[in-house]
Amino acid sequence: MATQEIAITAATRPGLSLIDRLHGLVVTVDHKKLGLMYIGTALLFLVVAGCMALAIRTQLALPNNDLIGPEVFNRLFTMHGTAMVFLVGMPILAGLGNYLVPLMIGTRDMAFPRLNAFGYWMFLFGGLLLYFSYLGAPGLSGHGSAPDVGWFAYAPLSGKAFSRGHSTDYWILSLLLTSVGTTVSAINVIATALTMRCRGMTLMRMPLFVWMMIVTNFMILLVLPALSAAQIMLLIDRYLGGRFFDSQAGGSAVLWQHFFWIFGHPEVYILIIPGFACVSEIIPVFSRKPIFGYPVMVAATSMIGLISMGVWAHHMFTVGMTSIGNTFFAISTMLVAVPTGIKIFNWLGTLYGGKIRFELPMLFCLAFLFQFLTAGLTGIMLAVVPFDWQLTDSYFVVAHFHYVLIGGLLFAIFAGFYYWYPKAFGRMLNRKLGLWHFWLFAIGFHLTFDTMHFPGLLGMPRRIYTYDAGRGWETLNLITSFGGLVQAAGILCLVVNLLRSLKKGELAGNDPWDAWTLEWATSSPPPEYNFGTTPVVRSRRPLWDLKHPEDPDWKYD
Amino acid sequence: MTNEFAIAVDQSTLEWKLPSSRKVAVLCLILTETCIFSIFVAAYLFYVGKSLSGPTPREVLELPILSTICLLSSSVTILLAERAFNRDRVGTFKLWWLATMVLAAFFLVSTAREWYRLIYQHGLTISTNLFGTTFYSLVGLHATHVVIGLILLTLVFIFSLRGYVTIMHRERLEMLSWYWHFVDAVWVVVFTVVYVIGR
């Protein structure tokens, strides 16, 4: 195992100057480096957008607070939402897909390595452009700053008449750029997974992670164009005097909402399915059982992808659709719960009777299961039209989707970090710091978002920059804000752990978790060519077959 | 050391064939482009007859029959070019390829003339009314795709004149022709929506 210590990627190899290392990152087309660059950049944006959330919560901690004015507050929640979705969630999923898909299917790189690098740089410059708006958007006229129209930029408020200056243009153009990056990365992952699999890896022998990446990237191809098209229309309205969303000329503001949510709702599933993907790899390994109901998992994921594209207008129950429209979208929304429930039962079925090891990745997965279920249940509540009429645009909705994206997605992503970090860097993350991260983050999460449901039920609307005392919201908001600080402390533990373990972590070896998928068959970190000889597989768990020649999986296929 | 786990199984028993990466990628691209066009088509159909002022489609639009025939037949010529290429008849290939480019260019010129007529004779611009906005966006989006296709076709033609295009590039040419067929198919939809249903 001595060679493990020197098997470090070029980026961290001692002896190279900083300039050489940076140059290496700029010119690289290696899927592993690009994957880590995606994730690293996304984590930077996570910290920035997280600080914005803390600023928002500080403002809302006390009634009649005037720490942050209304204009700044609008920019804060717009930039927080936009950055979290497009600059954190999407690139993390692209990064995980980039890093893991080629390793899991036993190939040496993505199908189109240069296109892959192009995608990363489009994402990075799109992200920088969005934040540059703070400086650039005022322009010569002095109007505007960062975007302040909310992450769904409802027309006509995002039109020229109501959004002066260039703030909305920055929102449009930066997202168009990142969308180009996301689209090429999606094409690349699909092409890789479908055409580069190693010998013997049939579709039904692919790790579930790869299956779910295929589904989520197909969804990107199908729905991201709706956002891009709508943004192009908005740009035409703003710069060429078009009438798409101009109600004075017969245009329809509701059309923008339809187009946005045709993208916007499936987007939630695009974000959460990679979370499912991590959980589906981790739970079996730490239960010491193969995944329960593999084909059903594949079918359920595809069904989620399919159904979620027909539910978008449940974001629009209050704009006055017909009762048939409302009924259709309420029912289709509830229908998504069926395949999602199937998945939860399959994960539970995997846990049941397993020899569970409470390692860090597993802790995050167990928290994910509980929290994602809760988030799903409030989702079903909101799918009921009269309930939604009462609570739409309230803090109940804010609490619901943060429960999905933090309690569900982020916990699953963190599980993935603890699980695959040893593979990417050759060293384990520190367990003690990891436990601090887990408990601080979990407790902070529940303090914030369990509590946040109640001001919503009591009538507190979202996106208000302050509120009067005496409505019964004060204590709840104070607890919510305090929980934010606890979560930030948890994230600090993670960041320290990630950086410290690069040098000081315990050496991991090739296969620290005694896992079964192909990425654990090569060294940690993997060499640039991934596999010296391309592997051949005969079952879903190739490493199990290798470690247990007396009882291989393929005997039972 | 790095690969002590490489898994060896009896390789001879396995038949192993996978689709081409290029084809999958181009199909994905076509899929996502289809979705962009669908949104623009949806917007067009949603706003048919909702303009608050004139001119209306019936007053100003004329059926672009000739340019449609040209664009659709360019799908045939590119097919013939490809066939000649696969049979190693380089001269015929260049001829059909050039024909495709000429037809595409003719289509673009007719669109330009149509727009000129609409703008200068009928005063219909992108900001005149909803019809103008949706018409120029949808037809313009398609024309943009034709322009991109024409640039790619021209590049291939220049390369082939200099003798750079060899049998190695067979699949690349095929991918370009897939894109071209897609652009043509989109025109069928645009034509139906704008000039038949919308008029």
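On the given criteria, is B:GLU59 more than 14 Å from chain A (Cβ to nearest Cβ), surrounded by fewer than 18 Cβ atoms within 10 Å (Cβ to Cβ) and in contact with a Pro (Cβ under 7 Å, 6 or more places away or on another chain)? Walk me through it before giving the result.
Numbers: more than 14 Å from chain A (Cβ to nearest Cβ): yes; surrounded by fewer than 18 Cβ atoms within 10 Å (Cβ to Cβ): yes; in contact with a Pro (Cβ under 7 Å, 6 or more places away or on another chain): no.
The answer is no for B:GLU59.
Take the residues of segment A:235-277 that are outside any helix (DSSP H, G or I) and over 16 Å from A:SER163 (Cβ atoms): which is farthest from the other protein chains (Cβ to nearest Cβ)? Spell out how you get there, then give the answer.
We begin by selecting, within segment A:235-277, every residue outside any helix (DSSP H, G or I); these are A:241-246, A:250-252.
Within this subset, residues satisfying the condition of being over 16 Å from A:SER163 (Cβ atoms) are A:243, A:250, A:252.
Working: A:ARG243: 5, A:GLY250: 5, A:SER252: 7 Å.
The residue in question is A:SER252.
In segment A:408-452, how many are within 30 Å of A:HIS31 (Cβ to Cβ) and assigned to a helix (DSSP H, G or I)?
Applying the first criterion (within 30 Å of A:HIS31 (Cβ to Cβ)) to segment A:408-452 yields A:408-431, A:433-434, A:437-438, A:441.
In the following step, the residues that additionally are assigned to a helix (DSSP H, G or I) were identified as A:408-425, A:431, A:433-434, A:437-438, A:441.
Of the residues in that region, 24 qualify.
For segment A:235-249, enumerate the residues that are surrounded by 24 or more Cβ atoms within 10 Å (Cβ to Cβ) and either without any contact (Cβ under 8 Å) to a residue 40 or more places away in the chain or of a type in the set (Phe, Trp, Tyr) (or both). Walk me through it before giving the result.
Quick first cut of segment A:235-249, residues surrounded by 24 or more Cβ atoms within 10 Å (Cβ to Cβ) only: A:237, A:242-245.
Result: A:GLY242, A:ARG243, A:PHE244, A:PHE245.
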message = Quick check on this structure: which one of A:ARG108, A:ARG114 is surrounded by fewer than 20 Cβ atoms within 10 Å (Cβ to Cβ) and touching a helix residue (DSSP H, G or I) at 6+ places or on another chain (Cβ under 9 Å)?
response = A:ARG108
task = Kindly indicate which of A:THR192, A:THR216 is in contact (Cβ under 8 Å) with a residue 12 or more places away in the chain, among the hydroxyl-bearing types (Ser, Thr, Tyr), in contact with a Leu (Cβ under 8 Å, 6 or more places away or on another chain) and closer than 25 Å to B:THR32 by Cβ.
result = A:THR216
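Looking only at segment B:116-133, decide whether some residue is crowded, with 22+ Cβ neighbours inside 10 Å and aliphatic (A, V, I, L, M). Give the steps one after another, and end with the answer.
So the first thing to find is which residues in segment B:116-133 are crowded, with 22+ Cβ neighbours inside 10 Å, and the list is B:124, B:128-133.
Then drop every residue that is not aliphatic (A, V, I, L, M), which leaves B:124, B:130.
Yes, segment B:116-133 has at least one match.
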message = Among (1) of a type outside the set (Ser, Thr, Tyr); (2) more than 22 Å from the chain's Cα centre (by Cα); (3) under 22 Å from A:THR480 (Cα atoms), there is one condition A:ASN430 misses while meeting the rest; what is its number?
response = (3)
ask   = Quick one: in segment A:193-234, which of the residues that are away from chain B (no Cβ under 11 Å) and over 20 Å from A:ASN98 (Cβ atoms) is surrounded by the fewest Cβ atoms within 10 Å (Cβ to Cβ)?
value = A:MET204
request  = Report, by residue number, each residue of segment B:37-47 that is buried (at least 20 other Cβ atoms within 10 Å of the Cβ) and either out of contact with any helix residue (DSSP H, G or I) (no Cβ under 6 Å at 6 or more places or on another chain) or within 7 Å of chain A (Cβ to nearest Cβ) (or both).
outcome  = B:ILE39, B:PHE40, B:ALA43
ask   = Scanning for something more than 12 Å from chain B (Cβ to nearest Cβ), charged (D, E, K, R) and assigned to a helix (DSSP H, G or I), does segment A:158-176 turn up at least one residue?
value = yes
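Does at least one position in segment A:454-469 carry a residue that is on the phi < 0 side of the Ramachandran plot, among the polar types (S, T, N, Q), touching a residue at least 60 places away in the same chain (Cβ under 8 Å) and not in a helix (DSSP H, G or I)? Reasoning before the result, please.
Residues of segment A:454-469 that are on the phi < 0 side of the Ramachandran plot, as a first pass: A:454-458, A:460-462, A:464-469.
So of that shortlist, the ones also among the polar types (S, T, N, Q) come out as A:466.
Okay, now just the ones that are also touching a residue at least 60 places away in the same chain (Cβ under 8 Å), so A:466.
After this cut, where a residue has to be not in a helix (DSSP H, G or I) as well, the list is A:466.
Scanning segment A:454-469, I find at least one residue that is on the phi < 0 side of the Ramachandran plot, among the polar types (S, T, N, Q), touching a residue at least 60 places away in the same chain (Cβ under 8 Å) and not in a helix (DSSP H, G or I), so the answer is yes.
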ask   = Here are some residues: A:ALA155, A:ALA186. Which one is within 14 Å of chain B (Cβ to nearest Cβ), surrounded by 21 or more Cβ atoms within 10 Å (Cβ to Cβ) and closer than 30 Å to A:SER539 by Cβ?
value = A:ALA186
task = Kindly establish whether B:LEU18 is under 23 Å from B:TRP187 (Cβ atoms), surrounded by fewer than 19 Cβ atoms within 10 Å (Cβ to Cβ), touching a helix residue (DSSP H, G or I) at 6+ places or on another chain (Cβ under 9 Å) and at the interface with chain A (Cβ under 7 Å from one of its Cβ atoms).
result = no
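Determine if segment A:274-291 includes at least one residue that is within 30 Å of A:ALA229 (Cα to Cα) and surrounded by fewer than 21 Cβ atoms within 10 Å (Cβ to Cβ).
Start the filter on segment A:274-291 by keeping residues that are within 30 Å of A:ALA229 (Cα to Cα), which leaves A:274-277.
Checking the rest, the ones that are also surrounded by fewer than 21 Cβ atoms within 10 Å (Cβ to Cβ) come to none.
The answer is no, given that none of the residues of segment A:274-291 is within 30 Å of A:ALA229 (Cα to Cα) and surrounded by fewer than 21 Cβ atoms within 10 Å (Cβ to Cβ).
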Single residue of A:TYR421, A:TYR403 found to be touching a strand residue (DSSP E or B) at 6+ places or on another chain (Cβ under 9 Å) and touching a residue at least 24 places away in the same chain (Cβ under 8 Å) = A:TYR421
request  = Any chance you could count how many residues in segment B:106-134 are more than 15 Å from B:THR68 (Cβ to Cβ), outside any loop (DSSP other than H, G, I, E, B) and away from chain A (no Cβ under 14 Å)?
outcome  = 5
message = Given (1) among the small types (Gly, Ala, Ser); (2) assigned to a helix (DSSP H, G or I); (3) touching a residue at least 60 places away in the same chain (Cβ under 8 Å), identify the lone condition not met by B:ALA143.
response = (3)
task = Read through the list (1) over 23 Å from the mean Cα position of the chain (by Cα); (2) within 14 Å of chain A (Cβ to nearest Cβ); (3) touching a residue at least 60 places away in the same chain (Cβ under 8 Å), then give the number of the only condition that B:SER137 fails.
result = (1)
inquiry  = Restricting to segment A:510-542, count the residues that are within 7 Å of chain B (Cβ to nearest Cβ) and either in a helix (DSSP H, G or I) or closer than 14 Å to A:MET104 by Cβ (or both).
reply    = 6
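Kindly indicate which of B:SER74, B:SER51 is of a type outside the set (Phe, Trp, Tyr) and touching an Asp or Glu at 6+ places or on another chain (Cβ under 8 Å). Break it down into steps so the answer makes sense when it comes.
On the way: B:SER51 fails: touching an Asp or Glu at 6+ places or on another chain (Cβ under 8 Å).
Sole residue among the options that is of a type outside the set (Phe, Trp, Tyr) and touching an Asp or Glu at 6+ places or on another chain (Cβ under 8 Å): B:SER74.
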inquiry  = Take B:TRP187 and tell me if it is closer than 23 Å to B:THR56 by Cβ and assigned to a helix (DSSP H, G or I).
reply    = yes
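If you check A:GLY139, A:GLY119, A:GLY144, which single one turns out to be farther than 30 Å from A:PRO461 by Cα and not in a helix (DSSP H, G or I)?
Details: A:GLY119 fails: not in a helix (DSSP H, G or I); A:GLY144 fails: farther than 30 Å from A:PRO461 by Cα.
Exactly one residue qualifies, and that residue is A:GLY139.
Quick grid of which residues meet (1) over 24 Å from the mean Cα position of the chain (by Cα); (2) within 17 Å of A:LEU360 (Cα to Cα):
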| site | (1), (2) |
| --- | --- |
| A:ARG471 | yes, no |
| A:GLU474 | yes, no |
| A:THR480 | no, no |
| A:ASN497 | no, yes |
| A:ALA508 | yes, yes |
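None of the figures in this text is laboratory data; all of them are computed from the coordinates on show. Note that this is a predicted model, so its numbers are computed, not measured. Note that each Cβ is placed from the backbone with ideal geometry, even for glycine, and that neighbours are counted across all protein chains shown.
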